[in-house]
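Notes follow the structure.
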Amino acid sequence: MTKFTGASQWVPHDGGLRKVTATLPECRGCDLVEDAERVVPGEGPARARMMLIGEQPGDVEDKEGHVFVGPAGRLLDKALAEAGIDRSSVFLTNAVKHFRFERQGKRRIHKTPSAGHITACHPWLERELEVVRPALIVVLGAVAARAVFGTGFKVTEQRGLPQQLPDGRSALATVHPSAVVRSREYRRDFALFVDDLRVAVDLLASDSA
Ligand code: URA
Ligand code: SF4
């Protein structure tokens, strides 16, 4: 018998965001629960019009229990501000809610979640989407793109271009802020990231989202 079978049995079918956040710590949907310190729930207003979806918590997020509070989060904050988006007005979450890492001595090195982890955790993301019902989903990087659009979506080719999901929801993909943090062409890549976020602002303003 497989030990881990995905999150669905833990995800509530009723209640709101509070219930999602309260039940998340019970999840044992995949093996990531075994080594991470804590689950990191999505954060933001229950009626946010924009939901930004990242990959998974990083080292700092895992220690503090909040989304995007490490280096990628600082860059995201700066980019949101530059695009005229108030961080407190958007809902921030991740495709996978526990930190995946490898130990190297005392350090914990980020490891990209597998397709199996993305699938296992997907019921939580779906529930967040059902509860918040954002007018626009902003997908940050390849892992979130896989969670939202499925396989075959290429962020590098489709970034900044408005997308419509099969159920009619509006979405926009861009890179992950940690890719900008690591970029050797930081200024250019930061500006391109902000450009994509500005497209998101325009989409919401034009009501086409
Ligand atoms: N990277 C993410 O994708 N999410 C976080 O919360 C932090 C870093
Ligand atoms: Fe559950 Fe997601 Fe954590 Fe896996 S990563 S244990 S599915 S919350």
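Brief remarks on what is shown
- Per the listing Ala171, Ala147, Ala179, the residue uniquely within 16 Å of ligand 2 (Cβ to nearest atom) and of a type outside the set (Ser, Thr, Tyr) is Ala147.
- Any hit, segment 164-178, residues being out of contact with any strand residue (DSSP E or B) (no Cβ under 7 Å at 6 or more places or on another chain) and touching a residue at least 40 places away in the same chain (Cβ under 8 Å): yes
- Subset tally (residues that are part of a helix (DSSP H, G or I) and either hydroxyl-bearing (Ser, Thr, Tyr) or in contact with a Leu (Cβ under 7 Å, 6 or more places away or on another chain) (or both)) for segment 133-147: 1
- Residue list for segment 133-159, restricted to those being crowded, with 22+ Cβ neighbours inside 10 Å and within 13 Å of ligand 1 (Cβ to nearest atom): Val138, Val139, Leu140, Gly141, Val143, Ala144, Ala145, Ala147
- Total residues in segment 27-61, condition within 14 Å of ligand 2 (Cβ to nearest atom), farther than 16 Å from Ala147 by Cβ, charged (D, E, K, R) and under 14 Å from the mean Cα position of the chain (by Cα): 1
- Considering residues of segment 31-72 that are surrounded by fewer than 23 Cβ atoms within 10 Å (Cβ to Cβ) and among the small types (Gly, Ala, Ser) only, the residue farthest from Val180 (Cα to Cα): Ala46
- All positions within segment 1-54 that are in contact with a Leu (Cβ under 8 Å, 6 or more places away or on another chain) and at pLDDT below 95: none
- Positions within segment 160-188 being more than 16 Å from ligand 1 (Cβ to nearest atom) and either charged (D, E, K, R) or in a helix (DSSP H, G or I) (or both), in sequence order: Asp167, Arg169, Arg184, Glu185, Tyr186, Arg187, Arg188
- Yes/no for Thr112 being in contact with a helix residue (DSSP H, G or I) (Cβ under 9 Å, 6 or more places away or on another chain), surrounded by fewer than 15 Cβ atoms within 10 Å (Cβ to Cβ) and at negative phi: yes
- Output for segment 18-30, where each listed residue is surrounded by fewer than 20 Cβ atoms within 10 Å (Cβ to Cβ) and either among the β-branched types (Val, Ile, Thr) or touching a residue at least 40 places away in the same chain (Cβ under 8 Å) (or both): Thr21, Thr23
- In segment 50-72, the residues that are without any contact (Cβ under 8 Å) to a residue 12 or more places away in the chain and in a helix (DSSP H, G or I) form no Cβ pair under 8 Å with any partner that is away from ligand 2 (no atom under 13 Å from the Cβ) and basic (Lys, Arg), whether six or more places apart or across chains.
- Identity of the residue in segment 108-132, outside any helix (DSSP H, G or I) and in contact (Cβ under 8 Å) with a residue 24 or more places away in the chain, that ends up farthest from ligand 1 (Cβ to nearest atom): Arg108
- Being closer than 21 Å to Gly16 by Cα, loosely packed, with under 15 Cβ neighbours inside 10 Å and either without any contact (Cβ under 8 Å) to a residue 12 or more places away in the chain or not charged (D, E, K, R) (or both) is a property that Ala95 lacks.
The values are calculated or read from the model by the stated rules, or taken from the named source; none is laboratory data. Keep in mind that this is a model prediction, so the values were computed, not measured. Heads up, the Cβs are rebuilt from the backbone with ideal geometry, glycines too, and the neighbour counts pull from every protein chain shown.
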